[in-house]
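All remarks here apply to the structure that follows.
What follows is calculated from the coordinates using simple rules that are stated; it is not laboratory data. Since the model is a prediction, treat every value here as computed from it, not as a measurement. Neighbour counts are summed over all protein chains in view; Cβ atoms, including those assigned to glycine, are modelled from backbone coordinates with ideal geometry.
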Amino acid sequence: MPGTLYNSPLRLEYSSIMTDNAIAAPTPSLGARLAAMIYELLLVVAVLFIAAFVFIRLTGDSQSGWKQIVFRIYLVGVLFGYFSTFWMRSGQTLAMKTWRIQLVNREGALISLRRASLRFVLALLGLSLLGISIIWAWFDDDRQFLHDRLAKTRLIHLTR
């Protein structure tokens, strides 16, 4: 089925820009990206645990009412801060460094805050919708996730 996406407008726009580069960096394998996501999950759970601890120590309770809503927004904000900081500084979180995966824009440069924000929101939505963003990679010609395709970002494999 990979050929079915090739003729889509999204594919043509992305493809034409990527072919302008003389040598495009290789895309990491889907297995490596999924392994990095599992490792990332462990790190994110620790970050959220510490963030939740701080919030609960300061507020006393986050089980009901407005505190619950503020708590959820706070945790999403912590996640955004974690990912966007790493993506904008080096293009790599700790898990991505371990698997030699880097996030870049279509030109191969580090991403901006605007692009990091867009990717974060799209990834959150794509993962919330039964992982459609991940499933997309199985059918995408470049094996990119849906949120990367829409945010005009790309995961590349770094060689040693």
Taking placed amide H atoms and a strict 5 Å upper bound, the residues 5 or more places from Gly91 or on another chain that come that close are none
When the helix-only estimate is applied to the chain (DSSP H runs of n ≥ 4, each -39,500 (n - 2.57), divided by the residue count), what is the mean residue ellipticity at 222 nm, nearest 500 deg cm²/dmol?
-> -20500 deg cm²/dmol
Rounding to the nearest 20 debye, state how big the charge dipole of the chain is about its Cα centre with +1 on each Lys and Arg Cβ and -1 on each Asp and Glu Cβ.
-> 340 debye
Within the range 29-114: Cβ-based charge dipole about Cα centre, in debye rounded to nearest 20 (Lys, Arg +1; Asp, Glu -1) | 140 debye
What shape does the chain have by the C-alpha gyration tensor, where a ≥ b ≥ c are the square roots of the eigenvalues, rounded means a/c under 1.5, and otherwise prolate means a/b greater than b/c and oblate the rest?
-> prolate
What residue among Leu124, Ile69, Ala137 has its Cα farthest toward the positive end of the dipole of the chain, where the charges are +1 on Lys, Arg and -1 on Asp, Glu, each on the Cβ?
-> Ile69
Percent of alpha carbon pairs in the range 32-120 separated by more than 18 Å?
-> 51 percent
So how strong a dipole does the range 101-155 carry about its Cα centre when Lys and Arg Cβ are +1 and Asp and Glu Cβ are -1, to the nearest 20 debye?
-> 220 debye
Tell me, what ³J(HN,Hα) does each residue in the range 80-87 have, in order and in whole Hz, if you take phi through Karplus 6.51 cos²θ - 1.76 cosθ + 1.60 with θ = phi - 60° and put x for Gly and Pro?
-> 4, x, 4, 5, 5, 4, 5, 4
So Arg89 and Leu129, fully extended at 0.36 nm per residue minus their Cα-Cα distance, gain in nm 11.5 nm
Peptides ranked, highest mean first, by Cβ atoms within 10 Å: ranges 101-112, 67-78 | 101-112, 67-78
